[in-house]
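What follows is calculated from the coordinates using simple rules that are stated; it is not laboratory data. Model, not experiment: these values are computed from the prediction. Glycine also receives a Cβ, built like all others from the backbone with ideal geometry; neighbour counts cover every protein chain displayed.
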Amino acid sequence: MNEVFADTSGWANYFVRTEPFHQDAKELMQQWYKDQTRVITTNYILSELVALFISPLRIPRPKQIQAIMTIKIEEMGTTQMGKWVLKVESAMAGG
C-alpha cells in the first residue's frame, strides 16, 4: 500500500472551499482513496489545523468538529476515512 503525508495546509485546502488549492486537494484525496493510498498525519498537524480554523480562517466550530471527526484516527473505526487515515503516533506504536 502506498502512503502520503498530509500536512496542515493539505487538510485546510481539502476542507475549506475558499482555500486556493481546494479543488486540487479534493481531487488528490479522492484519487488516493480510490487507489487505497494511505494518508498519514499526526496529532500535531491536527492541532495546527484547529488553530488555523480558529484564526485566521474563522471556521465555525461545528465545521471544525466535522472536519476533525472526518480525519479521526482509525482506532475508532467509525469515521468516513476509517483505516485510510493513519496518524504517525499509531504507526509507531504498531497500530
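Just to be sure I understand the model, the point goes 7 Å from the Cα along the line to the Cβ. What's the resulting F21 to V4 distance in nm?
Here the modelled spin labels are 1.0 nm apart.
If you keep only loop residues by DSSP, which trypsin sites (Lys or Arg not before Pro) in the range 4-39 have at most 14 other Cβ atoms within 10 Å of their Cβ?
Of the trypsin sites (Lys or Arg not before Pro), the ones in loops of the range 4-39 whose Cβ has at most 14 other Cβ atoms within 10 Å are R17.
For a quick check: sort L49, L57 by the number of other beta carbons within 10 angstrom, fewest at the front. Could the numbers behind the result be given before it?
Numbers: L49 26, L57 16.
Ranking L49, L57 by Cβ neighbours within 10 Å, fewest first, gives L57, L49.
Just from the alpha-carbon atoms, what are the Rg and Dmax of the range 16-77 in angstroms?
Considering the range 16-77 through its Cα atoms, Rg and Dmax are 12.6, 34 Å.
Between K63 and K34, what's the calculated FRET efficiency when r is the beta-carbon distance and R0 is 22 Å? Round to 0.05.
Numbers: r = 25 Å, r/R0 = 1.15.
That pair, K63 with K34, gives E of 0.30.
Sort Y14, Y44 so the one with the fewest other Cβ atoms within 10 Å of its own Cβ comes first.
Working: Y14 24, Y44 13.
Listed from fewest to most nearby Cβ atoms, that is Y44, Y14.
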